[in-house]
Structures are given as structure tokens and as C-alpha cells.
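One structure is given below, encoded as C-alpha cells.
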Amino acid sequence: MQEPNPAARPFSKLRLFFTGIVMGIADLIPGVSGGTMAFIMGIYEHLLAAIKAFNLQLLRLLGQGRWRAALGAIPWGFLIPLGAGIGAAILGMARLMRYLLEHQTVYLFAFFFGLIVASIIAVGATVRWTRSAIAALVGGTVAAYIIVGLVPLKMPHDPLTLFLSGAAAIMAMILPGISGSFVLLILGQYGYVLDAVADLNLLAIVPVALGAAVGLTSFVRLLSWLLRHYHNVTVAVLMGFMVGSLRKIWPWKEVIETTLDRHGKPIPIREQNILPDPAAPEVWIALAIAIAGFFLLCAIDHLQTGANPVMRRLGWARPAHEPQRDLQATR
């Protein structure tokens, strides 16, 4: 399989900007990964390839003063609209998402639950279900299910721990199904890092940022290698991460344990999923929202690939010109 070339991929700038918005919104929600949205929107492998452009060769060119060659090695046409969308979502949607998380949590999680279920079906249709792929799916599902249910640890805030926490968080953020902010919460660093950012505490921010940079550049290369050599099994594992993450996205929960944030406000750190009361109108509204999210994703996927199994079953014909699904190997 050839390495995807983000610069050559015919992604429209509008589509990349919209994808960035979706990724940014996901990153604002605890338990939802921007990597999941990149996976769903069909740019995952090309995002990995774009990140890999920031390598030692780039540093060498910069060190030699070859600025034009260095800038030309980075797929700006891919990264700028995507980054603009992520930034626009974080800056423009933060207050709305905070409101929805506080006052309409069930409806918000129902929408993302529908999106992720649809993405699991879409991705599953691309996998050759061998025994190894099934085992990889089960392994990824179990791993994500356990991770998203972990209770936050009490860890020190020394530079080495912060460095390792930053690396672990960014690796989780790249993986579909696992939230980077949730990993920081598990490692007992989430509140401390938020306080450090708010107070511009560089002694805490720098180790986290360095860990994130090292974790991102190294882990992306590992993922790309796995997708190049073990594409089918790797996609099955990533699909399993999405299946396991449904535990965190389930809309109806009961809080078991809380802690205080930096403002003294209680926030849940341990929850259990519960079955809703079917007589409550909220349940049917949430179900309708989840179904809307499900079919929205199916429609987007079918417009991109012409091969969404749900849309094909409903009789939606293939487009005259079918773009290749990003999750399939290009030979």
C-alpha cells in the first residue's frame, strides 16, 4: 500500500473546513475523540500522513535556512482549512457546547451515539472479517471499554509525569474512540493542566507540550506503519476502539462519585450507565436525535464513497463518480 499523499487527495477546502469543525466540536466533549471524527469523515490516514511531514528532515531544512523547501514539504492545502475548522469550532462553539453539556447532556450524547454507531457500520463494511480481524476487533473493544471506565488516579505533578501524561493524552486524541482530555483526567492531570493554562504556568505547560509533541510525532509513525503493513487488522482494532467508547457516550448515566474542579464546582468522575424510563418524553426525543445523527453520518459516508451499506439497503444508488474510501488500501 502506498502512503497517502494529502496534497494530492482531492479534498475540497470546504469539506476539510467542515471536517475540522466536527473534530473541534468532538474535542470539546469529554469522552469523544477528534480522531473518531477524522476516522468517520474519511481523512484519518491522510491526517496521519500530514502530521508525519513534521519530521527531522523538516528541521534539517530549517536549520540550513532553506525556508522555501521546508514550507513546500508541508501539505498546507490540507492542514490550513482543517486547522481553521478546528479552531473555529473551539472558539465559536465552546460556550454552546458547555451549555449543552450542562443542560442537554442526554440529547448531545444521543447525537454522538448515533454518529458513532453509524461510523462503526460504515467502517465494518470495509474490513475483511478474517479470524485475526475479529480478534483485533474484540481486543480493541475490550481495551477501550476498560479505559473509558477507569477511575482517575492520584498522580504527582512533576515534570516527568507531566511529560508522559502529555504524550499519553495526544496519542489517545489521535486514536478513534478515546478522548485525550479523558486520559488526562484518568492520570489525575486534567484539573492541574487546566489551571496551568489559565495561569500561564510554563513550568507545567512546557513538559506537557513537549510530551504531546514527542508522542504525536512518534505515535503517528507507528500508526502509519501498522496501516501500511497490517491495514485490515489495524482498522479492525480502531473500529473496536469506537465500539468500546460507546460505554462513555451512552446518554443515560448515574453519578457515583464526584470531585471539585478549580472553581469548587462538583464534577462527576465515576458514573454508571443506566436504562432510561421509556415513559419519559426525553427518551423518545433522544432516540429521534440519535437516529438523525445515525442517518446523517450514513448519508455523508455514502456521498463520499457510494458504498455505505445502510444507504445501499435503502436503495440510494451509487454516485456516477465514486471517490475511494479513505480506509481502504490504495495499491
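The values are calculated or read from the model by the stated rules, or taken from the named source; none is laboratory data. None of these values were measured; they are calculated from a predicted model. Neighbour counts run over all protein chains shown; Cβ positions are idealised from the backbone, glycine included.
Highlighted here are the helices (runs of 4 or more DSSP H) found entirely within segment 163-281 that include at least 3 residues which are more than 22 Å from Ala122 (Cβ to Cβ): 180-186, 190-199, 202-229. Going by the structure shown, is Leu108 in a helix (DSSP H, G or I) and at pLDDT below 90? Criteria met by Leu108.
Among the residues of segment 209-243, those that are among the hydrophobic types (A, V, I, L, M, F, W, C), within 23 Å of Ala53 (Cβ to Cβ) and touching a Ser or Thr at 6+ places or on another chain (Cβ under 8 Å) comprise Leu223, Leu226, Leu227, Val235.
A single entry from Glu45, Glu102 fulfils the requirement of being in a helix (DSSP H, G or I), surrounded by 15 or more Cβ atoms within 10 Å (Cβ to Cβ), of a type in the set (D, E, K, R) and at negative phi: Glu45.
Against the numbered list (1) modelled with pLDDT under 90; (2) assigned to a helix (DSSP H, G or I), Ala135 comes up short only at (1). A count restricted to segment 141-162 and to residues that are in contact (Cβ under 8 Å) with a residue 60 or more places away in the chain, assigned to a helix (DSSP H, G or I) and either in contact with a Leu (Cβ under 6 Å, 6 or more places away or on another chain) or of a type outside the set (A, V, I, L, M, F, W, C) (or both) stands at 2. Working only within segment 192-229, note down all residues that are free of Cβ contacts under 8 Å to residues at least 24 places away in the same chain and in contact with a helix residue (DSSP H, G or I) (Cβ under 7 Å, 6 or more places away or on another chain). Matches in segment 192-229: Ala196, Val197, Ile205, Leu226. Would you confirm whether any residue within segment 74-94 is more than 25 Å from the chain's Cα centre (by Cα), without any contact (Cβ under 8 Å) to a residue 40 or more places away in the chain and not in a helix (DSSP H, G or I)? Scanning segment 74-94, I find no residue that is more than 25 Å from the chain's Cα centre (by Cα), without any contact (Cβ under 8 Å) to a residue 40 or more places away in the chain and not in a helix (DSSP H, G or I), so the answer is no. Screening Arg128 against (1) more than 18 Å from Trp250 (Cα to Cα); (2) in a helix (DSSP H, G or I); (3) in contact (Cβ under 8 Å) with a residue 40 or more places away in the chain; (4) out of contact with any Ser or Thr (no Cβ under 8 Å at 6 or more places or on another chain) leaves a single unmet condition, (2).
Scanning segment 285-317 for residues that are crowded, with 22+ Cβ neighbours inside 10 Å and under 19 Å from Thr126 (Cβ atoms) yields Leu297, Cys298, Ile300, Asp301, His302, Thr305, Asn308. Would segment 231-247 turn up any residue that is touching an Asp or Glu at 6+ places or on another chain (Cβ under 7 Å) and surrounded by 13 or more Cβ atoms within 10 Å (Cβ to Cβ)? Checked segment 231-247: no residue is touching an Asp or Glu at 6+ places or on another chain (Cβ under 7 Å) and surrounded by 13 or more Cβ atoms within 10 Å (Cβ to Cβ).
For segment 47-54, the count of residues that are modelled with pLDDT of 85 or more, under 26 Å from Tyr190 (Cβ atoms) and more than 12 Å from the chain's Cα centre (by Cα) is nonzero. Would you point out the residue of segment 17-46, among those that are among the polar types (S, T, N, Q) and modelled with pLDDT under 85, that is farthest from Ile120 (Cα to Cα)? So, considering only residues that are among the polar types (S, T, N, Q) and modelled with pLDDT under 85, the one farthest from Ile120 (Cα to Cα) is Ser33. Among the residues making up segment 301-331, none is modelled with pLDDT of 80 or more and of a type in the set (Ser, Thr, Tyr). Scanning segment 269-286 turns up no residue that is more than 26 Å from the chain's Cα centre (by Cα), of a type in the set (Lys, Arg), closer than 30 Å to Asp199 by Cα and modelled with pLDDT under 80.
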